[in-house]
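To start, the structure under review is shown below, and the notes come after it.
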Amino acid sequence: MTEAIAFSRQADRETLYLEVEPQIAALIEGETDLIANLANIAAVLKEVFGFFWVGFYLKKGEQLVLGPFQGPLACSRIDLDKGVCGQAYSTAKPVVVPNVDEFPGHIACSSASKSEIVIPIFDSKGTVVGVLDVDSDRPNDFSDIDVRGLTAMSKQLAKII
Ligand code: SME
């Protein structure tokens, strides 16, 4: 398997997504275990983009349960209709929150988190099975570039779920 991710340290975020996506695809092609892949994806996103927190919540029973992540301690369980994660899960659409203090029902795992993006993750049949959650310690840190880049990665996962 790949032992290190190659990326241009000075590049803008759009370029970084383009550089990283095929490398994530290669990682996933070489490993069938979901947790191993989610763990490596979280590590790659943290290393390349320097996000404050990046991780996965997976649907288990009637809740989203914390999966592999990088960053500070986070909430273990989120109800399916609660918070930013619950909205992305229940609408099956990406949610971008420029200012977490203005999102009704935002679940604050860390007071340092200022903006957030959550992308649904689908299985091969198109059912939502969880979410990819990225938090920034800067307000208004996410745009359509992140929606596109992170959605492309989430689509890779459908191949193995
Ligand atoms: N803020 C999220 C909860 C998860 S943490 O950000 C890691 C939410 O409102 O769903």
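The values are calculated or read from the model by the stated rules, or taken from the named source; none is laboratory data. Here the structure is a predicted model, which means the values were calculated and not measured. Glycine gets a Cβ as well: all are built from the backbone with ideal geometry, and neighbour counts include every protein chain shown. The protein model used for the area step is the full one, side chains on, heavy atoms only, and it has no ligands, DNA or RNA in it. Shrake-Rupley method; radii C 1.70, N 1.55, O 1.52, S 1.80 Å.
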*Mind listing just one residue for me: the one in the range 36-64 that is in a strand (DSSP E or B) and within 30 Å of residue 22 (Cβ to Cβ) and, of those, most open to solvent (accessible area, probe 1.4 Å)?*
59
*Considering 86, 105, 126, which residue is near the ligand (Cβ under 8 Å from one of its atoms) and at positive phi?*
105
*asked:* Please pick out the residue among 101, 133, 146 that is over 20 Å from residue 41 (Cα atoms) and of a type in the set (D, E, K, R).
replied: 101
*Are any residues in the range 115-161 modelled with pLDDT of 95 or more and open to solvent by 70 Å² or more (accessible area, probe 1.4 Å), and if so, which ones?*
127, 137, 138, 139, 140, 144, 148
*Can you tell me how many residues in the range 76-113 are part of a loop (DSSP other than H, G, I, E, B), at pLDDT 95 or above and in contact with a strand residue (DSSP E or B) (Cβ under 8 Å, 6 or more places away or on another chain)?*
7
*Restricting attention to the range 67-83, and to residues there that are more than 8 Å from the ligand (Cβ to nearest atom) and among the aliphatic types (A, V, I, L, M), which single residue is nearest to residue 161 (Cα to Cα)?*
80
*Considering each residue of the range 119-134, count those that are without any contact (Cβ under 8 Å) to a residue 24 or more places away in the chain and of a type in the set (Ser, Thr, Tyr), and give that number.*
1
*Starting from residues that are crowded, with 20+ Cβ neighbours inside 10 Å and touching a helix residue (DSSP H, G or I) at 6+ places or on another chain (Cβ under 7 Å), keep the ones in the range 72-95 and report whichever is nearest to residue 24 (Cα to Cα).*
94
